[in-house]
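FYI, it's all coordinate maths here, none of it is from the lab. What you see is a predicted model, and the numbers here were worked out from it, not measured in a lab. Ideal geometry is used to build each Cβ from the backbone, glycine not excepted, and the neighbour counts take in all protein chains shown.
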Protein chains: 4
Amino acid sequence: MLRFPLLTRYSDYDTKGHVNNAVYLTYFEWARMQAWMSHIVRMGGVSGADVADPPVIVAEARVKYVSPANIGVPLEIELSVKEIRTKGFSFGYRIVDARDDRLIAEGETVQVTYDYEGGRTMPIPPALRKALEAM
Amino acid sequence: MLRFPLLTRYSDYDTKGHVNNAVYLTYFEWARMQAWMSHIVRMGGVSGADVADPPVIVAEARVKYVSPANIGVPLEIELSVKEIRTKGFSFGYRIVDARDDRLIAEGETVQVTYDYEGGRTMPIPPALRKALEAM
Amino acid sequence: MLRFPLLTRYSDYDTKGHVNNAVYLTYFEWARMQAWMSHIVRMGGVSGADVADPPVIVAEARVKYVSPANIGVPLEIELSVKEIRTKGFSFGYRIVDARDDRLIAEGETVQVTYDYEGGRTMPIPPALRKALEAM
Amino acid sequence: MLRFPLLTRYSDYDTKGHVNNAVYLTYFEWARMQAWMSHIVRMGGVSGADVADPPVIVAEARVKYVSPANIGVPLEIELSVKEIRTKGFSFGYRIVDARDDRLIAEGETVQVTYDYEGGRTMPIPPALRKALEAM
């Protein structure tokens, strides 16, 4: 499990002063990129060319909004591997109030490993699988 | 069921030239607002004060990404009522290529009716229920 | 001069219920893309490969916020060519309340014509110049 | 002068792999909020009620795009006070490549001090002026 402080932007907040519902998927994506760069690349989970360009496609996303995130509240995001399958894997996310771990939102994304050159899905490469297992 | 042309913005597209995954929730939200203004308000589904401010909270969202939306592809979005419960309802969404109805993404959001003054959930007001049933 | 209705999104509005200041550049960009597709491409102002990919770089942008755009206010945007130089041109923008033409914001962007293959600025191609002059 | 690391999001990048032009104003705004919270509030530059809600309106913004910010490049942003007038002040911004200080973009925003309750501009409160002078 990885945990990151989440830097919000004023434009993330809606007319009620809460983080807009669509922005949570942007937070999930940001956490994925952080995980990619801070953990998976460092673990050797990808080969050179893929470092900035993960060989995956997001196939599904789900968010459950538990309590609103008001402006000024410091947030943190947790990302964990939920499931590793042959040609894909899923991440789970929890966004919490950094002060007391109150749950703000949780969710999940399903990624499919994809060979962009060949234009088709592919099995998870062994090095990537190993890095995911160590997360 | 309501269907609207979906105007994309250049900033919706990511480095691969596809609509970014988080933006679909923004499209869903835009369709909800259109439905609210073009149908529910007109049907008398809300009283004066709520016209610009639906008495609902989004509790859950889900997206399934079926095929990428490349830049230049004209999109349309369909919104339909999937379920009406005592204190909430869910909308279903389909985003399609306007030229051939190829499915790009589909999803769902669950809304809870909420009394913002009282600070608690509330049963769906009868006029709103009626407007939802006629959608 | 071209004029388009401007479809706002709920996420464009900030905690005060006004269009967020950064979003105006997104509106300007959207108008440029509309101008590109509805006018310049149709006028033959670009050759095949460039149709979805204007050979320009935005070099400068400027916005003046005149009065706030509250949620619910219908907006329109005007785009006009302000200046055509050898290797670039500038567009002017006015965003108005569609009901009474009250000025919400105005601004300008400077574009430089750019040869992406060669990796350098280039003179405005004659067909593009002609299309700009007819705008 | 204040300087902050700038955390970009995948959705900030456009189809060319560069930070989208409109996003720079969001970066400027984020730096303003950081300055507000990390410096001005701490300096006593605002009274209680205004801590989360600066008594200002952005009146103008200007960006000059100097070189593109490719995905993967670490960014930092500098914010400085450029001018303090009776009823407003302007900030200057520089966004640089954190590794070698290469200039990516620079710009400016003009803020007008505004009494939201009274609905009119107001002179800069003395405590805010003092905090700005010490920035």
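The figures follow:
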| read-out | value |
| --- | --- |
| Reciprocal of mean inverse Cα separation for the protein assembly as shown (Kirkwood radius, Å) | 24.8 |
| Low-density loop cleavage sites - trypsin sites (Lys or Arg not before Pro) in segment A:2-94, where at most 13 other Cβ are within 10 Å (DSSP) | A:ARG42, A:ARG85, A:LYS87 |
| Cut-off under 5 Å, modelled amide H: who pairs with D:MET122 long-range | D:THR113, D:TYR114, D:ASP115 |
| Nearby aspartates and glutamates by direct alpha-carbon distance to B:LYS82 (threshold 17 angstrom, same-chain neighbours under 8 apart not counted) | B:GLU29, B:GLU60, B:GLU106, B:GLU108, B:GLU133 |
| Whole-Hz couplings from phi, Karplus 6.51/-1.76/1.60, listed for segment B:63-78; x for Gly and Pro | 10, 10, 8, 9, 8, x, 9, 6, 4, x, 7, x, 10, 10, 10, 10 |
| Rough spin-label spacing in nm, given labels placed 7 Å along Cα→Cβ, for A:SER80 and B:ARG85 | 2.5 |
| Cα gyration tensor shape of segment B:75-131, rounded if a/c is under 1.5, else prolate or oblate by comparing a/b with b/c | prolate |
| Mean separation of Cα contacts under 8 Å, 6 or more apart, over the residue count of chain B: relative contact order % | 29 |
| Three semi-axes of the equivalent ellipsoid, segment A:6-70, Cα gyration tensor, whole Å, largest first | 29, 13, 9 |
| 7 Å along Cα→Cβ, label-point gaps from A:PRO123 to other copies, nm, shortest first | 5.8, 5.9, 7.7 |
| For segment B:17-135, projected area of the alpha-carbon convex hull averaged over all directions, nm² | 7.6 |
| For D:ILE84, label point 7 Å along C-beta direction: distances to other copies, nm | 4.8, 5.7, 6.0 |
| Low-density loop cleavage sites - GluC sites (Glu not before Pro) in segment B:65-135, where at most 10 other Cβ are within 10 Å (DSSP) | B:GLU117 |
| Sequence-distant residues sharing a close amide H with D:ALA69 (under 5 Å, placed H) | D:VAL19 |
